[in-house]
Amino acid sequence: MRLKNIKRYRQIIKVLFKYGFEDILDQSGLDKYLEGGLKLFSKKKTSEIKRLSRPERIRQALEELGPTFVKLGQMLSIRPEILPPDYLKEMQKLQDQVPPFPEQEAQDILEDEFDRPVEDVFSKFQKEPHAAASLAQVHRATLKSGEEVIVKIQRPNIRSKINSDLDILKNLAQVVSKRISRELIYEPSEI
């Protein structure tokens, strides 16, 4: 494991704990990456999370963890030989129900890219995204020439996040293969 990923490991562990996956944390030994272990967190879950099924909690955790994890869920959503039907159904929701990133972030990204205010590039720019996906979102806009266009904006810091998350996923797959005792049909590292 790379030291640069410790902060991200902590974020992942917090999300797993939030959605009630202490069993995974216990079996994998990942809680050691939190200062003080899981004692930092209250064992109380919100009533909303308690009501959710395990597949729903997994989907929501993947959404909260971001693009790389959403993409993993999307890939698993078409693998009925790996996941049972109730899990597949939830993972399929990741195909078309990805939350957008904030409007201000989208505008900031455009202004950094063009090195000028959005109003100087477009006569109209729809702040609310037309669609959002795991890696980017699109906005409708009109150029100063009057031509209507679609502007695709990558999620903030996507490249570094994906590289870090892929590193972590590779490590987690190795940990799962070694530490979780139940028989696995598929080798996590291969998936």
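Across the protein chains, with a 1.4 Å probe defining accessible surface, the residues ILE13, ILE150 rank ILE150, ILE13 from largest area downward.
Summarising the label geometry, the points placed 7 Å from Cα in the beta-carbon direction at ARG116 and GLU22 lie 5.7 nm from one another. Whole-Hz Karplus values for the stretch 98-115 come out as 8, x, x, 8, x, 4, 5, 4, 4, 5, 4, 4, 4, 5, 5, 5, 8, 6 Hz, taken residue by residue from phi with 6.51 cos²θ - 1.76 cosθ + 1.60 and θ = phi - 60°; glycine and proline positions read x. Taking a point 7 angstrom from the Cα of GLU147 along the C-beta vector, which residues in the stretch 112-134 have backbone N less than 15 Å away? Correct set: 121-124. Summing charges over all other residues whose Cβ lies under 15 Å from the Cβ of GLN95, with Lys and Arg as +1 and Asp and Glu as -1, gives +2. A simple spin-label model places the labels of GLN126 and GLN95 2.3 nm from each other, with each point 7 Å out along Cα-to-Cβ. Accessible surface ranking for GLU148, GLU22, 1.4 angstrom probe, highest first: GLU148, GLU22. In the complete set of protein chains, residue-level accessible area for SER177 is approximately 40 Å², probe 1.4 angstrom. Calculate I(q)/I(0) for the stretch 87-167 by the Debye formula, one identical point scatterer on each C-alpha and no solvent, and give its log10 at q = 0.16, 0.19, 0.23, 0.24 Å⁻¹ to two decimals. Debye curve over Cα of the stretch 87-167, log10 I(q)/I(0) at q = 0.16, 0.19, 0.23, 0.24 Å⁻¹: -0.67, -0.86, -1.10, -1.15. Over the stretch 36-177, the ratio between the Cα radius of gyration and 2.2 N^0.38 Å evaluates to 1.30. The accessible area of ASP86, taken with all protein chains in place and a 1.4 Å probe, comes to roughly 80 Å².
For the stretch 135-182, carbon and sulfur atoms together expose 49% of the accessible surface, with a 1.4 angstrom probe and every protein chain in place.
The values are calculated or read from the model by the stated rules, or taken from the named source; none is laboratory data. Just so it is clear, the structure is predicted and the values come from calculations on it, not from any experiment. A quick note on method: Cβ atoms are made from the backbone with ideal geometry, for glycine too, and the neighbour counts reach across all protein chains shown. Just so you know, the surface numbers come from the protein's heavy atoms only, side chains and all, with ligands and any DNA or RNA stripped out. Shrake-Rupley method; radii C 1.70, N 1.55, O 1.52, S 1.80 Å.
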